[in-house]
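Everything below concerns the one structure shown next.
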């Protein structure tokens, strides 16, 4: 049941249109959708591409199963359709520095990483440690190579990235009104006081975001709530901080509501609202801002930190020999001189240790694998990255039973003439490493934490 205070509020705000909202929230059906990953070398194999989400590229209505080859290979990402628009309108271009400030579970981060095409930098941050691990899993599955994943508060990040980013996406934690029909639990914790708490939290997060945004940079603000306090009134507050609204030209959605603010500034109509009764997806609010002015000179004092050790020539040779049988994707320019040995793990970082000093960093670039005496064990992340290019050292599983057995952690008897480390695929979609010995047994390297 919808909270009575919620009903009273939106009857007052929407008048005769409120009935359509209430009906959609209580009797309407949620819409599932997914995006196709252009970083991968193979198209989806198990989903239907016949019903596109209006106004978006490579986004389709339909359900993705988390045990399908499309999902485990990172070929598609399941995401609520209205939630796809913030990354879509961001204007991110290869080579830019981008921050997804409230990133878990990773829908927007995967879309932003795809736009960067391996060039520039994406910092994906999540303050909740458990959700940050899910974020990391999803980004690694996506095959992105130029991503730093952090588990920090916005104010902690701001001390490291003053006026640093060309684009910041803030999908702010909110009262969740737009998720009422998808997640009815959201109704249980909703209250007018909670809406105000969320507004206060959003302003605090945005204050940190403003410190990190370059002059001339773009800020994308979104929520999954209908609340004017968290939507147009936050946009109004951002205008008071000196930002300017950039009009959004979308074929989907409805204009923002200036009449729900104190200033009634007509420019707020250039923001966008998605209502569940309109048929695109769940509730969503979206606004784009630019920061005027010239960059200031910012000096950040940091303690000197010992650089992580690089690879010896012998270790480099071991890693190169392991990778010689594989083709790197065009979006990944591996700098061998930049590789680091982090407690036996070989990492290709994208950001300096000095910049990240003092932050809880879950991932910096690509972990290639583990160094052991005179040998190298390639990582699951590397397998997903290599899925971005056509490969020859691949053991293809030809039936669903073998695929499910491998996801479960079992070894597979093969007739292959390949030996050593191989990429493992199903439906031509690479999803893991394995190792074939002279006994023609495919040893399972699918991570235990991902097994079904």
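Any read-out appearing in this document is the output of simple, stated calculations on the displayed coordinates, not a laboratory observation. Not measured: the values here are computed from a predicted model. In this analysis, Cβ positions are derived from the backbone assuming ideal geometry, glycine residues included, and neighbour counts consider all displayed protein chains.
Provide the FRET efficiency to the nearest 0.05 for the residue 335-residue 413 pair, computing r from the beta carbons and using R0 = 35 Å.
That pair, residue 335 with residue 413, gives E of 0.35.
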Quick one: order 445, 6 by neighbouring beta-carbon count within 10 Å, fewest to most.
-> 445, 6
For a label point 7 Å along the Cα-to-beta-carbon line of residue 66, residues of the range 390-431 with backbone N under 15 Å | 408
Contour minus Cα-Cα span, residue 400 to residue 159, at 0.36 nm per residue, comes to 81.8 nm
FRET efficiency estimate (nearest 0.05) - Cβ-Cβ, residue 51 to residue 321, R0 60 angstrom = 0.80
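Arrange the peptides 268-276, 386-394, 170-178 so that the one whose residues have, on average, the most other Cβ atoms within 10 Å appears first. Walk me through the numbers on the way to the answer.
Details: 268-276: 22.6, 386-394: 18.9, 170-178: 24.1.
With the highest mean Cβ count within 10 Å placed first, the list reads 170-178, 268-276, 386-394.
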Sorted by average packing, counted as other Cβ atoms within 10 angstrom per residue and highest first, what order do 83-89, 116-122 take?
-> 83-89, 116-122
Evaluate the distance, in nm, between pseudo-label points positioned 7 Å from the Cα of residue 269 and of residue 342 along their respective Cα→Cβ axes.
-> 5.0 nm
Pseudo-spin-label distance residue 290 to residue 278, built 7 Å along Cα→Cβ, given in nm, is 2.4 nm
To the nearest Å, what is the center-to-center distance of the range 361-416 and the range 208-248, using C-alpha atoms only?
-> 42 Å
Among 377, 441, 234, rank each residue by its count of other Cβ atoms within 10 Å, from fewest to most, as a rough exposure measure.
-> 441, 377, 234
Ascending count of other beta-carbon atoms within 10 Å, so fewest first, for 1, 187 | 1, 187
Any chance you could check the Cα centroid distance between the range 1-77 and the range 318-345 for me, in angstrom?
-> 38 Å
Using r as the Cβ-Cβ distance of residue 262 and residue 450, and R0 as 51 Å, what FRET efficiency do you calculate, to the nearest 0.05?
-> 0.55
